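Since the structure comes first, as structure tokens, the remarks are kept for the end.
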Amino acid sequence: HYLSGGERTKVGLADALVTKPELHILDEPFEHIDPACRTELIKLLNTVNRENGTAIILSTHNMNTVPLIADTVYLIAEGGAITEKGTPKEVFSEVETLSKCHIEPPVLGELFAELRKQGVELDVSLTVDEAACTIANAMVLSKNKTGHG
């Protein structure tokens with residue numbers, strides 16, 4: 001029997017959790033794991049953070065997972081310079097800055113940037129549920145303003 005990438009990641013994390021450290025440093029923890037394992041791992045990390053007060057520092061190129069786990073985001077450019085710091089919403093609202101750092105923005109960040117270009121000003125949402133609510137609310141407000149509906 002062989003362990004999958006996700007299973008190996010979970011075993012490694014479980015091993016690290018036994019000692020209840022104050023800090024976890026994770027390098028690309030979502031690499032080579034399937035979406036179901038990624039979701040489980042994110043839930044586990046959020047639970048560990050919330051229940052144990054364990055700080056988590058992680059590096060990742062998967063920007064779509066960052067809003068699901070991070071309170072603070074640092075963008076690090078080539079050479080190691082920090083070019084941006086803020087909440088996921090603040091950092092991922094700056095699509096141009098992400099591009100300059102050669103970072104592909106989360107899909108929802110791109111969607112809201114494109115909506116802005118087309119004259120639709122909405123707060124950036126970084127989860128699908130949040131985006132659906134934001135867009136639905138904007139549509140209801142728009143209908144109410146125009147009297148249609």
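None of the figures in this text is laboratory data; all of them are computed from the coordinates on show. All figures in this text were calculated on a predicted structure; none of them were measured in a lab. Every residue, glycine among them, receives a Cβ derived from its backbone with ideal geometry; neighbour counts consider all protein chains shown.
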What does the extension gain come out to for V107 and L13, with contour length at 0.36 nm per residue minus their alpha carbon separation? 31.1 nm
By a straight-distance test (C-alpha under 23 Å), which lysines pair with K100 as possible cross-link partners, with residues fewer than eight away in the same chain excluded? K85, K89, K117
Looking at the chain as a GNM with Cα springs under 10 Å, which of L58, L17, L41 has the largest mean-square fluctuation? L17
Within straight cross-link reach of K10, meaning Cα distance under 23 Å, which lysines are found once same-chain residues fewer than 8 apart are removed? K20, K43
Only four residue types carry charge here, +1 at the Cβ of Lys and Arg and -1 at the Cβ of Asp and Glu. Report the dipole size of the chain about the Cα centre in Debye, rounded to the nearest 20. 400 debye
Stretch in the chain that is longest and holds no GluC sites (Glu not before Pro) that DSSP places in a loop and that have at most 11 other beta carbons within 10 Å: 23-77
Label-point separation, A77 to E121 (7 Å along Cα→Cβ), nm: 2.9 nm
Mind giving me the FRET efficiency for K20 and S59? R0 is 25 Å, r the Cβ-Cβ distance, nearest 0.05 is fine. 0.65
Quick one: compute the contact order of the chain, relative version, from alpha carbon pairs under 8 angstrom and 6+ residues apart, as a percent. 15 percent
Would you compute, from DSSP H runs of 4+ residues alone, the mean residue ellipticity of the chain at 222 nm, taking -39500 (n - 2.57) per run and dividing by the full residue count, rounded to the nearest 500? -15500 deg cm²/dmol
Charge dipole magnitude, Cβ of K and R +1, D and E -1 - the range 89-149, Cα centre, debye nearest 20: 320 debye
Taking the chain as a Gaussian network, Cα atoms linked when under 10 Å apart, which of L23, L13, L111 shows the biggest mean-square fluctuation? L23
